[in-house]
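Asks: If you scroll down you'll find the structure; I have some questions about it.
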Amino acid sequence: MLNFTIQNPTKIIFGRGQIAKLAQEIPDSAKVLMVYGGGSIKDNGVYDQVMGALGNHEVFEFSGVEANPKFEQLIKAFTLKKCFV
């Protein structure tokens, strides 16, 4: 096995009504990249809840992400970095 170090500080907020707390977790001046797959996020109402919770944040979207995305699709998301400069 190759030697490596990984640090992954991740905070998971889970449960009913937790989407409303998103804005409390993100600095007011932060820009947000919303990454999602197909249309189910819009069909089930989660998209509207998240956008509502993000309030006045500047939101960029990257949709259509397939399960286990290929490298080429990740590169497309990476090109959005210009939006965050």
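The values are calculated or read from the model by the stated rules, or taken from the named source; none is laboratory data. What you see is a predicted model, and the numbers here were worked out from it, not measured in a lab. Reconstructed Cβ throughout: ideal geometry from the backbone, glycine too, with neighbour counts over all protein chains shown. Each accessible area value is taken on the protein alone, full model and side chains, heavy atoms only, with ligands, DNA and RNA left out. Shrake-Rupley method; radii C 1.70, N 1.55, O 1.52, S 1.80 Å.
Asks: Under a 1.4 Å probe, what is the accessible area of the chain per residue, stated in Å²?
Replies: That works out to 84 Å² per residue.
Asks: Round to a whole number: what % of the accessible area of the chain belongs to carbon and sulfur, probe 1.4 Å?
Replies: 56 percent
Asks: Set Lys and Arg Cβ to +1 and Asp and Glu Cβ to -1, take the dipole of the chain about its Cα centre, and tell me which of Gly17, His57, Pro69 lies farthest positive.
Replies: Farthest towards the positive pole: Pro69.
Asks: What are the residues whose amide H is under 5 Å from the amide H of Phe60, where those residues sit 5 or more places off or on another chain and H is modelled from the backbone?
Replies: Answer set, sorted by chain and number: Val32, Leu33, Met34.
Asks: Using a simple charge model, +1 on the beta-carbon of Lys and Arg, -1 on the beta-carbon of Asp and Glu, nothing else, what dipole does the chain show about its Cα centre, in debye to the nearest 20?
Replies: 160 debye
Asks: Grab the chain and count how many Lys pairs have their alpha-carbon atoms under 22 Å apart, sequence gap of 8 or more, or different chains.
Replies: Counting lysine pairs in the chain gives 11.
Asks: Output ³J(HN,Hα) for region 35-51: one whole-Hz value per residue in order, computed from phi by the Karplus curve 6.51 cos²θ - 1.76 cosθ + 1.60 with θ = phi - 60°, and x for Gly and Pro.
Replies: In residue order, the calculated couplings are 10, 8, x, x, x, 4, 4, 7, 5, 8, x, 5, 4, 5, 5, 5, 4 Hz.
Asks: What distance in nm separates the two pseudo spin-label positions at Glu66 and Lys11, each 7 Å out from Cα along the beta-carbon direction?
Replies: Distance between label points: 3.5 nm.
Asks: Also, I was wondering about something else. May I ask you to rank Phe14, Phe60, Phe71 by accessible area, largest first, using a 1.4 Å probe over the protein chains only?
Replies: Phe14, Phe71, Phe60
Asks: How far is it, in nm, from the label point at Ile75 to the one at Gln24 when both lie 7 Å from their Cα along the line to the Cβ?
Replies: Between Ile75 and Gln24, the label points sit 4.2 nm apart.
Asks: Just to be sure I understand, if you calculate log10 I(q)/I(0) by the Debye sum over Cα atoms at q = 0.10, 0.12, 0.21 Å⁻¹ for this structure, which of (i) -0.56, -0.68, -1.03; (ii) -0.21, -0.30, -1.01; (iii) -0.33, -0.48, -1.24 do you get?
Replies: So the structure-derived entry is (iii).
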